[in-house]
1. 222 nm [θ] for the chain, helices only, -39500 (n - 2.57) per DSSP H run of 4+, per residue, to 500?
2. Please list, short to long, the whole-number percent of alpha-carbon pairs of the chain in consecutive 5 angstrom bins beginning at zero.
3. Test of understanding: in a Gaussian network model of the chain with alpha carbons linked when under 10 Å, which of 202, 22, 42 would top the mean-square fluctuation ranking?
4. Could you list, bin by bin from short to long, the percent of Cα-Cα pairs of the range 22-84 in 5 Å steps?
5. At 1.4 Å probe size, with the rest of the protein present, what percent of the exposed accessible area of the range 1-117 is carbon and sulfur atoms?
6. I'm a student and want to see the number: the projected area of the Cα convex hull of the range 1-115, averaged over all directions, in nm².
7. GNM, the chain, Cα, under 10 Å: largest mean-square fluctuation among 193, 120, 151?
8. Any idea what the dipole of the range 93-186 comes to, in debye rounded to 20, about its Cα centre with Lys/Arg Cβ at +1 and Asp/Glu Cβ at -1?
Amino acid sequence: MMSEGKIPQVTAKRLPLYYRYLEKLHAIGKKRVSSSQLSDALQIDPATIRRDLSYLGELGKKGYGYNVNYLLQFLRDFLRQDEVTNVVLVGVGHLGTALLGYNFYRSHNTKIVAGFDSDITKVGKEVDGIPVFPMDRFQEVVDLHQVEVAILTVPAGVAQSTTDMIVDAGIRGILNFTPARLTVPPHVRMHNIDLTIELQALIYFLKNFPTDEDVPVLEMGERDDQK
């Protein structure tokens, strides 16, 4: 079996998609599923699905497919679905408020526990049950909830200084929704989500590929050169 650290990043991004769909199959009592059935449901090429799952070991059988219960349990253990990861959000503007309301409702193991903002009119209030704290309490809340991941939705002009502050507090993973390209130490992992770029990429594909041509389905933040 290939270790988790050696699995391609694009594969690692797809594994939670497989897990969520297998949960649905398990809920309706389905016992087995083929890569073709997974492909139809998830709009991912069946060869890609087989390759992704082969990185984890011999999980399926030719002519049979995959045992739903076994594969679901395997992915649960592999993805550590029984562990809850606490996340904080910094910047409770329009996008930040929407993300607090969403709060990973499809995930049982990821939860936003607090929001932070410098606007005193937002501090002390709750958004869908999630409290909003002032920035000077960031370290306290991070330590209390053992948080290592932060979502960044602040204005671009203060993005780097805010990043420096949250890194100093012990955050090791940042999901950056700002348009700024930020600098972090080598031990911190940052994923950039630029909604404008994603929209422009979608429009490009619509304009430049015929509808009957096999266009790859890209997850947000994924580029062709990452495959």
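The values are calculated or read from the model by the stated rules, or taken from the named source; none is laboratory data. Source: prediction; values computed, not measured. Cβ: placed from backbone, ideal geometry, glycine included. Neighbour counts: every protein chain shown. The accessibility values were calculated without ligands, DNA or RNA, using every heavy atom of the protein model including side chains. Shrake-Rupley method; radii C 1.70, N 1.55, O 1.52, S 1.80 Å.
1. Values: 8 runs with 88 residues, N = 227.
Here the helix-only value at 222 nm equals -11500 deg cm²/dmol.
2. 1, 6, 12, 15, 16, 15, 13, 11, 7, 3, 1, 0, 0
3. Per the Cα network of the chain with a 10 Å cutoff, 202 tops the list.
4. Histogramming the range 22-84 at 5 Å steps yields 4, 17, 28, 29, 17, 5, 1, 0 percent.
5. In the range 1-117, the share of accessible area belonging to carbon and sulfur is 51 percent.
6. Taking the Cα atoms of the range 1-115, their convex hull projects to 8.3 nm² on average.
7. 120
8. On the way: 7 positive and 10 negative charges, 67 e Å.
With Lys and Arg at +1 and Asp and Glu at -1, about 320 debye.
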